[in-house]
Every structure is written in structure tokens, then in C-alpha cells.
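Novice: Right, I'll just put the structure down here and ask away after.
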Amino acid sequence: MPKTFTPPVLLLAAHILFSSFVFLEADQNFTLLITVQPWFPQVGGEVLLIPEESKEKVDTCSWFRWDTAEKNQILVYQPPPVKDVQYKASYTGRESVNTDCSLQIRNISISDITYYVMQRNTTKESEVGQIFLVVIEKQSDKKKRTSVSGGAVAGIFVACIVGAVFLVGLISYTVTQGNKNSQ
């Protein structure tokens, strides 16, 4: 039976292929590690994008979709004591930011599959990190594969044998009748 590939698997393969060319933001120097919890979130669930901890005092954290263009900016966060969040053009209402600058996305969908970029400004430097988010589609009850029971397999096998015997008998009868008519 040939294997079929689901859209998330194809997107992951495309991401791996695309990453090998590394022309996206080629001038960016990604120095910030970002992890995803859970690694493969499901549609309708939540995901947390967690940047590595900063050694310096953080002034601002900015989150983007795809790249650091202004139109792709989700939000800008200033940690305590200021504790201010400014929502930007790419904000959907499902994103929130935590005090550690991690980005939480609720009710995720297939359309959330993309690169997420975080730019963090500290008292000494600016750091940028990027991660590709893969979202797995839930398998609904309608789409779940059903297996055939052993009894059904046995029934199919017996029916095939009976059918084959019938065909052999029919062909033999036709051939013998044809031979009798030609004599």
C-alpha cells in the first residue's frame, strides 16, 4: 500500500529543503535559541515559543511572523517594572506574552505554520532568534482509519476461493460444450 503524506509532513519536508538554501534573512545573525512546547502542537491547542534566558536586563522583546518586516510584527513587550504590551499589525488576538518573553498562541490552526522571529533588546545588545512552527492536524473520528476484523478477512478470502472455483468451473464447462458442438 503506498504511503500518503499529510500536509504537515510535506510542510516539514519543504522547510528542511528550504533551510538548506538559507536565503531567508541571510543578513540576520541568529544568536537566540527558541524552543517550542509542545514540539508538534495540534490544531485547536496551545503552543509556547520559549527564548533562552537572557544574561542581561531585557528592555524589549518583539515577536514577528516570517521575518522582521513591520507588517509581520505581532507584538512588542517591555518586561517589569514597565510591563507594557503593544499589539502590532500581525496580532490575531490569540497571542500573549509572558514575563520571560515567551510567546503563547492559543487555538492554533494550520495557518499558524510559519517562521516565528523574536528580537530581544538588552542593555548591552540586540539578539535575534528564529523557529519554524509545525502544527499537526487532529485526526477526527470520520478520518480515523478502521481496520478490518479477522472474520471479515476470512470471509473475503473464502468468497475469493469460491469465486475462483466458480470461474474455473464455468470456463471448463464452456470449453467442454464448445468441444462437443464442434464434433
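The values are calculated or read from the model by the stated rules, or taken from the named source; none is laboratory data. Because the structure is predicted, anything quoted here is derived from the model rather than measured. Positions of Cβ are generated from backbone atoms using ideal geometry, with glycine treated the same way; all protein chains shown enter the neighbour counts.
Novice: Take the conditions surrounded by fewer than 13 Cβ atoms within 10 Å (Cβ to Cβ) and closer than 19 Å to Val76 by Cβ and apply them to Glu125. Does it pass?
Specialist: yes
Novice: When you go through Ser96, Ser90, Ser102, Ser126 one by one, which is the residue that is in contact with a strand residue (DSSP E or B) (Cβ under 9 Å, 6 or more places away or on another chain) and modelled with pLDDT under 95?
Specialist: Residue meeting the stated conditions: Ser126.
Novice: Also, quick follow-up: Search the stretch 20-45 for residues being of a type in the set (A, V, I, L, M, F, W, C) and part of a strand (DSSP E or B), and hand back the single one that is modelled with the lowest pLDDT.
Specialist: Filtering first and then ranking leaves Leu32.
Novice: Sort out which residues of the stretch 43-84 are surrounded by 14 or more Cβ atoms within 10 Å (Cβ to Cβ) and among the β-branched types (Val, Ile, Thr), and write them in order of number.
Specialist: Selection gives Val43, Val47, Ile50, Val58, Thr60, Thr68, Ile74, Val76.
Novice: Still on this structure, I have one more. Those residues that are touching an Asp or Glu at 6+ places or on another chain (Cβ under 6 Å) and under 16 Å from Asp59 (Cα atoms), I need them from the stretch 104-126; list them, please.
Specialist: Arg120, Asn121, Thr122, Thr123, Lys124
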